[in-house]
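Input: a single structure, listed below in structure tokens.
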Amino acid sequence: AKLDRQRTTTSYQEGGNIVDMALAIADIKFTYVVSCQVYGMQKVSKNLKDKACYLNILNLMIMYPSLRIAYIDEVEAPTKNGTTEKTYYSVLVKGVGEKYDEILERANLKIKIMP
């Protein structure tokens, strides 16, 4: 959104609400990232308390479109020798629509944890 300095506040209000325009400009300019390391575990948990926490965070992201959540995702995958190996990803998500989160970035962390 680009503001035309020649236009008056009244002319912006005629074309739409000035508050909505200001919020749109702020959303373009500012993004807030919050680290919530348990977000991924809460998302897949069957525990009602964890699921409620996940939904609360999701509702915050939907309510505030410039809010992003960063967390570490842990994925277990089988190896060639028959054991499982944990792989860690750094994930950044945002709220989309009314009920979903969208992954913006997912980076593989080259971490080896020895048992």
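Kindly indicate whether Thr83 is assigned by TED's automatic domain parsing to the domain that holds Met41 and exposed (fewer than 13 other Cβ atoms within 10 Å of the Cβ). Yes: the conditions hold for Thr83. Among the conditions (1) in a strand (DSSP E or B); (2) surrounded by 15 or more Cβ atoms within 10 Å (Cβ to Cβ); (3) out of contact with any Asp or Glu (no Cβ under 6 Å at 6 or more places or on another chain), the only one that Asn108 does not satisfy is (2). Can you spot a residue in the range 18-35 that is more than 20 Å from Ile103 (Cα to Cα), small (Gly, Ala, Ser) and either at pLDDT 85 or above or surrounded by fewer than 12 Cβ atoms within 10 Å (Cβ to Cβ) (or both)? For the range 18-35, residues more than 20 Å from Ile103 (Cα to Cα), small (Gly, Ala, Ser) and either at pLDDT 85 or above or surrounded by fewer than 12 Cβ atoms within 10 Å (Cβ to Cβ) (or both): present.
Scanning the range 30-55 for residues that are within 13 Å of the chain's Cα centre (by Cα) and in a helix (DSSP H, G or I) yields Tyr39, Gly40, Lys43, Tyr54, Leu55.
The values are calculated or read from the model by the stated rules, or taken from the named source; none is laboratory data. Just so you know, these numbers come straight off a predicted model, no measurement behind them. In this analysis, Cβ positions are derived from the backbone assuming ideal geometry, glycine residues included, and neighbour counts consider all displayed protein chains.
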